[in-house]
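What follows is a set of notes on a single structure, which appears directly below.
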Amino acid sequence: MKAIMLQGTSSDVGKSVLCTALCRILYEDGWKVAPFKSQNMALNSYITRDGKEIGRAQGVQAEACRIEATADMNPILLKPKQDMIAEVIVRGEHYADMGAGAYRSDYVPTALPVLRESLDRLAEEYEVLVMEGAGSPAEINLKDRDIANMKAAELADAPVLLIADIDRGGVFASLVGTLALLDDDERARVKGFIINKFRGKFSLLKSGLDWLEEHTGLPVLGVIPYADTGIDAEDSLALSTLKLKKRDEEGEALNVAVIRLPRISNFTDIDPLYDEPGVRMRLIASVAEWNNPDIIILPGTKNTTDDLQWLKQTGLADVIGQAAQGGAYVVGICGGYQMLGKELYDPDGIESTYERSEGLGLLPIHTTFQAGKRTIRVEGEVCGVSFATGQTVTGYEIHLGQTMREQGSRPLFRLDDGHTDGAVADGEAIWGTYLHGVFHNREFTRAWLNRIRLEKGMEPVAGGVHTESERREASYTALASLVREHLDMKKLYDIIGLPLPIKF
């Protein structure tokens, strides 16, 4: 099996998106290709068909390859839970909650066989592997226990391309500095550079590229323009740039506030709302940013109880309650759904040190945290709201705890596995669900927003919507085309060690 690995000079330089592009490009060129990331730290995760939990980026990259994602594509996933404590997920299943020190000293030395086994299984089925690094390979204080970058490249005998984000500045210093901090054998694996997120005039950059190639002896394979690709983000650093995804709306627009919880997870749930016309999206983390939203969304969180306490401490809990009483629409997803209830119980300390917490009291439900995480893809139909009754919905669940509805609420969805999900309060203005990806059901989302528009005396948005699969396919194809245009494909194929397709 051939392989290519993309490593970055830092986090959020665009490694995940560029790996997605290469996955689609190699698929289009006729190769059996798969993604791989040995160790991933992310709160945006993906559920495989067999119910395993991996990093969302590898799930997206598998979709770009038009294959089913498996746990071998991301054998180790770390999900930050509290300060310096993360859930360790191995081959898609919960392994332990560990502190950073214990993880590095106790688990990392045992991890290489796990990675080798996953690589061996992938090699049996695929011809090419597109590998993604994590953070930077040159963190000298961590290098002796870094299994996400050069050690993974060594295991797969993969050449490495270094990616740098020119939009944040210091691109030449970051590339040269990264090379300087690598060991000789690591430096020998680096075969070239890709400069990402370029907004300027290429002629002004050319002299710098020439200097870089002469100084390092390595080629620059491409300069990729800054673009809103429509590809799911993975790194929480991307939250700081989400506001760039949405143009300013002219005329009337629904004012949507998404609460930026400290431990927000699976924030890709809200991505479809950025696509909707007549919607003004904001992520807020304080009462000062409130500005009387029409719609309030409480997203998922890795620690429901601690983030609920944060809502109360910041005063956001009070203004959310006041807004709901004043007619605002409130939605909770997963942890946000649990917060909307009356009470949360954690008698065994599964999630936190709080045995009982008072919720926001906006839905007549209560939640009890229990050992054992539910990770599953689901499909069902809408049963609890009039605006979309009978519509088919799909999504995935990743949660601890069981939520029970009380008198005064009804389920939102009836699932094909016989369960019901979610809760709707009378009037349909407040609802919650465990289904991540609920807004990716585009017809449901459009119907919900149009219901709100009508109730506020606004014109509904006319016209159909693309299905989520159609939108994603279009995004992968457009991304691949963009990267092909700006990348030296012949040099890339040569570095990987693959023969050029006939079209070249």
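What to note about this one:
- Restricting the stretch 396-409 to residues that are farther than 18 Å from GLU379 by Cα and in a strand (DSSP E or B) leaves a set whose member that is farthest from the chain's Cα centre (by Cα) is SER409.
- Tally of residues being under 24 Å from the mean Cα position of the chain (by Cα), open to solvent by 10 Å² or more (accessible area, probe 1.4 Å) and under 16 Å from PRO75 (Cα atoms) across the stretch 115-141: 2
Condition check ((1) at pLDDT below 95; (2) open to solvent by 10 Å² or more (accessible area, probe 1.4 Å); (3) in a loop (DSSP other than H, G, I, E, B)) across all residues:
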position: PHE439; (1), (2), (3): no, no, no
position: ARG451; (1), (2), (3): no, yes, no
position: VAL461; (1), (2), (3): yes, yes, yes
position: ARG471; (1), (2), (3): yes, yes, no
position: SER475; (1), (2), (3): yes, yes, no
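- Among the residues making up the stretch 278-291, a single one is over 30 Å from THR368 (Cα atoms) and in contact with a Gly (Cβ under 9 Å, 6 or more places away or on another chain): GLY278.
- Complete set of residues in the stretch 166-175 that are surrounded by fewer than 23 Cβ atoms within 10 Å (Cβ to Cβ) and out of contact with any helix residue (DSSP H, G or I) (no Cβ under 7 Å at 6 or more places or on another chain): ILE166, ASP167, ARG168, GLY169, GLY170, ALA173, SER174
- Flag for GLY8 being farther than 13 Å from GLN58 by Cα, touching a strand residue (DSSP E or B) at 6+ places or on another chain (Cβ under 9 Å) and open to solvent by less than 10 Å² (accessible area, probe 1.4 Å): yes
- Test for VAL17: is it in the same structural domain as ALA478 (by the TED database) and open to solvent by less than 10 Å² (accessible area, probe 1.4 Å): no
- The strands (runs of 3 or more DSSP E) falling completely within the stretch 24-114 that include 3 or more residues that are open to solvent by 40 Å² or more (accessible area, probe 1.4 Å) map to 93-99.
- The residues in the stretch 371-392 that are more than 27 Å from LYS79 (Cα to Cα), of a type in the set (A, V, I, L, M) and either outside the structural domain of THR420 (by the TED database) or in a strand (DSSP E or B) (or both) can be counted, and the count is 1.
- Of all residues in the stretch 293-322, exactly one satisfies the criterion of being open to solvent by 20 Å² or more (accessible area, probe 1.4 Å) and closer than 15 Å to GLU428 by Cα, namely ASP294.
- Selection count, the stretch 346-367, where residues are of a type in the set (Ser, Thr, Tyr) and either surrounded by 18 or more Cβ atoms within 10 Å (Cβ to Cβ) or not assigned by the TED database to the domain that holds GLU397 (or both): 3
- Only one of the numbered conditions (1) in the same structural domain as ARG374 (by the TED database); (2) of a type outside the set (Lys, Arg); (3) out of contact with any Phe, Trp or Tyr (no Cβ under 6 Å at 6 or more places or on another chain); (4) surrounded by 13 or more Cβ atoms within 10 Å (Cβ to Cβ) is violated by LEU492, and that is (1).
The values are calculated or read from the model by the stated rules, or taken from the named source; none is laboratory data. The structure presented is a predicted model; accordingly, all values stated were derived computationally and were not measured. All Cβ positions, even for glycine, are placed from backbone atoms using ideal geometry, and neighbour counts span all protein chains on display. Areas reflect the complete protein model, heavy atoms only, side chains present, ligands, DNA and RNA absent. Shrake-Rupley method; radii C 1.70, N 1.55, O 1.52, S 1.80 Å.
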